[in-house]
Amino acid sequence: MSSARGWDFAALELALRAKPCVATLDLSFCRRLAALPELAHLRSLRHLVLNDCGSLRALPALEPLAALEE
């Protein structure tokens with residue numbers, strides 16, 4: 001599981017590019033995160049957790065994430 005609590009957007013994007021096999025991405029409590037970077041390259045992503053992300057206003061397209069579960 002990867003967690004990004006306290007990271008800035010640029011660091012998050014770089015970290016996700018370096019880990020294309022992430023299955024669970026937990027961004028809970030990233031209260032200043034306003035948007036998510038592109039996630040389409042995360043082909044193994046099954047769980048995206050966004051609890052208490054009060055500033056989050058934009059999500060990338062999730063359709064390319066075939067493994068993502070509800």
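The values are calculated or read from the model by the stated rules, or taken from the named source; none is laboratory data. Since this is a predicted model, take the numbers as computed values, not measurements. Cβ coordinates were reconstructed from backbone atoms using ideal geometry, including for glycine residues, and neighbour counts include every protein chain displayed. The protein model used for the area step is the full one, side chains on, heavy atoms only, and it has no ligands, DNA or RNA in it. Shrake-Rupley method; radii C 1.70, N 1.55, O 1.52, S 1.80 Å.
Values for this structure:
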read-out	value
Residues being surrounded by 12 or more Cβ atoms within 10 Å (Cβ to Cβ) and over 9 Å from the mean Cα position of the chain (by Cα) - total across the range 48-70	7
Among residues of the range 23-47, those that are loosely packed, with under 15 Cβ neighbours inside 10 Å, outside any loop (DSSP other than H, G, I, E, B) and either touching a Lys or Arg at 6+ places or on another chain (Cβ under 9 Å) or among the aliphatic types (A, V, I, L, M) (or both), counted	2
Cβ-Cβ under 8 Å pairs, at least 6 apart or on other chains, the range 18-47 side among the aromatic types (Phe, Trp, Tyr), far side open to solvent by 70 Å² or more (accessible area, probe 1.4 Å)	29/5; 29/51; 29/52
Test: residue in the range 5-22 that is out of contact with any strand residue (DSSP E or B) (no Cβ under 6 Å at 6 or more places or on another chain), at negative phi, modelled with pLDDT of 95 or more and loosely packed, with under 15 Cβ neighbours inside 10 Å	no
